[in-house]
1. What is the gain in length, in nm to one decimal, between residue 110 and residue 122 on full extension, counting 0.36 nm per residue of separation less the C-alpha to C-alpha distance?
2. Per the Kirkwood formula on distinct C-alpha pairs, the Rh of the range 52-94 is how many angstrom?
3. Normalised radius of gyration for the range 43-136, please: alpha carbon Rg relative to 2.2 N^0.38 Å, two decimal places.
4. Using the Cα centre as the reference, give the magnitude of the dipole from point charges on the C-beta atoms of the range 43-136 (Lys, Arg: +1; Asp, Glu: -1; all else neutral), rounded to the nearest 20 debye.
5. To the nearest 0.05, what FRET efficiency results for residue 41 and residue 131 with a Förster distance of 25 Å applied to their C-beta separation?
Amino acid sequence: MIVKLVKIRKFINTNTILLLFLIILRKIIGSNKIMEDLRKLPVEKLLDMAYKSSCIQELNKLCNIESMIVRRVVAKNRNINSYIANNLATDPVLNVSYIALKNPNCTIKRDLHENELVKCVVCDKDERYMNCTLCN
């Protein structure tokens, strides 16, 4: 292993490091552009994407959207990995974290108090079609 590192080190120079830095910087800027584009989409479209997507990169972006309801739908998606599920399980909004804790890919365990679990937190309706103002 050390011999391989020494051989690799011979080929790394300042230009290589600069090139790697620029590649990483482009990926970060591209990632921010994707988030900006996602934020411009209507919530209905984001909800549809969150329900139907099986792309981990897309779901990872959607779990960072400001809308609680979009994050909640991502938490329901069975295609999320444990990283996304665990991240959403610690979401400050109980409506999101409760659903994430129920996802089979979540490895975090939390005890939630019964009095915290109001009807809207445990609601199992499809968020794309629900109207919370009509809930009884």
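Each reported figure results from applying straightforward, stated rules to the coordinates on display, with no laboratory input. Just so you know, these numbers come straight off a predicted model, no measurement behind them. Glycine gets a Cβ as well: all are built from the backbone with ideal geometry, and neighbour counts include every protein chain shown.
1. On the way: separation 12, 0.36 × 12 = 4.32 nm, distance 1.52 nm.
Result for the pair: 2.8 nm of gain on full extension.
2. For the range 52-94, inverting the mean 1/r across all distinct Cα pairs yields 10.1 Å.
3. It is 1.01.
4. Approximately 200 debye in magnitude.
5. Details: r = 21 Å, r/R0 = 0.83.
Given R0 = 25 Å and the Cβ-Cβ separation, E is 0.75.
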